[in-house]
Amino acid sequence: MDDLYREHILEHAQHPRNWGELPDATFVMRAANASCGDSLEIFLKIDEAGIIKAVTWQGDGCAVSTAAASLLSEKLVGSSIQKWESMSAEDVLRELELLHISPSRQKCALLFWQGLRSGEDWAVVQGSAEREQQ
Ligand SMILES: [Zn+2]
């Protein structure tokens, strides 16, 4: 990671984007990383075609999980939730330019994405039959 990108990450950790609750969210996800103590809540508005229309999130996490959540949240709007669900952990780390970090830090960096992927729980939270069938 070059210095410029390191600064970019730190800046996101200090000033996370898309922070807060989303009043008209269609899905709310929670994710926690016990080994570091990070926890976060993700609010998504997804249309019938599976396109993410809006995202916010909030939580209590270390610099890496906060920066990664902030960076990823900026990439979500306009893309399909399936795209994110089908990505591998390596794809996501590459997207974040964080492939080189240690496995324990990778857990922090992947927490937000893991929340997105726990799609089965969405149906439970929201009672959406449509989601359950996918
Ligand atoms: Zn962490």
Query - Cβ-Cβ FRET estimate between Ser104 and Ala49, R0 fixed at 35 Å, reported to 0.05 - result: 0.40
Report summary line: The Kirkwood hydrodynamic radius of the chain, taken as the inverse of the mean 1/r over all distinct Cα pairs, in Å, comes to 14.9 Å
Report summary line: One quarter of the C-alpha convex hull surface, i.e. the mean projected area of the stretch 62-108 in nm², amounts to 3.2 nm²
Requested in this report: Give me the number: length gained by fully extending Glu85 to Ala34, i.e. 0.36 nm times residue separation minus the C-alpha to C-alpha distance, one decimal in nm.
Outcome: 16.2 nm
**Report entry** 13 Å beta-carbon shell around Ser88, net charge (K/R +1, D/E -1)
**Finding:** -1
Report summary line: note: the stretch 47-87, Cα-Cα separations exceeding 16 Å make up a percent value of 41 percent
Requested in this report: Could you work out which residue, out of Leu71, Leu99, Leu116, moves most in a Gaussian network model of the chain, that is, has the largest mean-square fluctuation with Cα springs under 10 Å?
Outcome: Leu99
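Laboratory data are not the source of any read-out in this text; all were calculated from the coordinates shown. None of these values were measured; they are calculated from a predicted model. Neighbour counts run over all protein chains shown; Cβ positions are idealised from the backbone, glycine included.
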